[in-house]
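Let me begin by presenting the structure, written as structure tokens, before commenting on it.
FYI, it's all coordinate maths here, none of it is from the lab. As the structure is a computational prediction, the values presented were derived from the model and not from experiment. Cβ sites come from the backbone with ideal geometry, for glycine too, and all protein chains shown count toward neighbours.
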Amino acid sequence: MDIEDILNLDTYPVDDSGTPGGQALIDRCRGDLLGNLYCTIPDFVSPQALALMAEEAAGLKAGAYHNHSLRNCYLHQSKDTALPQDHARNLQDRSSVRMIAYDQLVEASPLKTFYQSEIVQELVAGIVGEGPLYPNIDPYQPANYVYYENGDESSWHFDSDNSFTMTLMIQPADNGGIFQMSGNTRSASSENYQQVRDVLTGKREDTIVSIGREPGALCIFKGCHSLHRVSPVVGDQLRIMGVFVYEFSPGVGGDPKVNATIYGPRALGNPG
Ligand SMILES: O=C(O)CCC(=O)C(=O)O
Ligand SMILES: [Fe+2]
């Protein structure tokens, strides 16, 4: 399927970002990202492309790596015994998701076509506003399917990368699987451990927004300073996301050790 059929160009004429439609979309999303730390574009991908992506994801599901652990919100799995038990760094929670890596996608994959599209890259670069974007060249990271089964969740965390994260909702869960964020929990100058702990222990529900997303919605968010989570999925319908990694310079790949924790031992060159 071509990118012109994947994108919902009737609603969003983004094939030429110089057109009023494309620029208006960039301006709206850029304002949302600056103000709220996230933006969403509903119905960005056509129902036909979503059906193809869901079909591809279903066909690949058996080969997904089950990435599960107890971790703190800084994505570390070990505790710091020098700190109190109830310090934010020692509060652990479970995370359980299932990953299909980029190298498992076929050449004609609609997820790949979407990711590699210059139209998409230019639009997202306009929204993020930090210069042109380039595809990541890692064998595993560029575009993934992430599945959440009944009971799976991604507990409160900060993303480790200081740029932005981009996801596409392919199939929401029947219940649960809600993306939630507590904006600006920490900053570049302060870890704000008290506030982090209050969010983790449910004392600051007033700061939490639930970011609704229907199938086809693209979401761009800044998760490095804002705690966010995916609440536990309830029911048999899989939550299926597309997750994408772009770079601000060409030729950037991933770290094999980090990849092994996300995609399993095979990412270190080991079988399994
Ligand atoms: O699946 C989502 O909605 C977001 C998951 C997440 O936290 C991330 O990709 O960093
Ligand atoms: Fe995240």
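Against the chain, whose longest principal axis is taken from its Cα atoms, helix 118-128 shows a tilt of about 50°.
Tell me the net charge near His66. Cut-off is 14 Å between Cβ atoms, His66 excluded, with +1 for each Lys or Arg and -1 for each Asp or Glu. If you can, show how the numbers build up before the last one.
Working: positive: Lys61, Arg94, Arg98, Arg266; negative: Glu149, Asp152, Glu153.
Counting the neighbours of His66, the net charge comes to +1.
Residue order for Ser95, Ser78, fewest other beta carbons within 10 angstrom first, comes to Ser78, Ser95.
With 10 angstrom as the radius, rank His76, His228 by how many other C-beta atoms surround their C-beta, starting from the fewest.
Details: His76 12, His228 25.
Going from least to most buried by this count: His76, His228.
Estimated at 0.36 nm per residue, the fully extended path between Ala24 and Tyr193 surpasses their Cα-Cα distance by 57.0 nm.
For the chain, the Cys residues with no second cysteine's beta carbon closer than 4.7 Å are Cys73, Cys219, Cys224. Counting Cα-Cα pairs of region 185-264 in 5 Å increments starting at 0 gives whole-percent bin shares of 3, 9, 15, 17, 18, 20, 13, 4, 1.
Dipole magnitude of the chain about its Cα centre, charges +1 at Lys/Arg Cβ and -1 at Asp/Glu Cβ only, in debye to the nearest 20?
Values: 19 positive and 34 negative charges, 245 e Å.
In debye, rounded to 20, the chain gives about 1180.
If you add up the charges near Ala143, with Lys and Arg at +1 and Asp and Glu at -1, over every other residue whose beta carbon is less than 14 angstrom from its beta carbon, what do you get? All intermediate terms of the calculation are to be shown ahead of the outcome.
Numbers: positive: Lys112; negative: Glu56, Asp103, Glu107, Asp138, Glu247.
Residues close to Ala143 contribute a combined charge of -4.
Taking the Kirkwood radius as the inverse of the mean 1/r across Cα pairs, report the Rg/Rh of region 90-179. Dividing the radius of gyration by the Kirkwood radius yields 0.98. Ranking Ala24, Ala51, Gly242 by how far each Cα lies toward the positive end of the dipole of region 3-268 (charges on Cβ) leaves Gly242 at the top. Pair-distance distribution P(r) for region 129-272, from all Cα-Cα distances in 10 Å bins starting at 0: 11, 34, 37, 17, 1 percent. Across all directions, the average flat footprint of the convex hull enclosing the Cα atoms of the chain is 14.7 nm². Ranked by how many other Cβ atoms sit within 10 Å of their own Cβ, fewest first, the residues Asp138, Asp43, Asp161 fall in the order Asp161, Asp43, Asp138.
With a cut-off of 13 Å between beta carbons, the residues surrounding Val234 carry a summed charge of -4, where Lys and Arg count +1 and Asp and Glu -1. Each residue of region 191-207 is assigned a 3J(HN,Hα), and the resulting list reads 6, 6, 4, 5, 5, 4, 5, 5, 5, 5, 9, x, 8, 10, 5, 5, 8 Hz, derived from the Karplus form 6.51 cos²θ - 1.76 cosθ + 1.60 (θ = phi - 60°), x at Gly and Pro. If a spin label sat at a point 7 angstrom from the Cα of Asp255 along the line to its beta carbon, the backbone N atoms of region 152-187 nearer than 14 Å would be those of 160-162. Relative to the dominant Cα principal axis of the chain, helix 20-36 is inclined by about 0°. Of the Cα atoms belonging to region 1-91, the radius of gyration and Dmax stand at 20.8, 57 Å.
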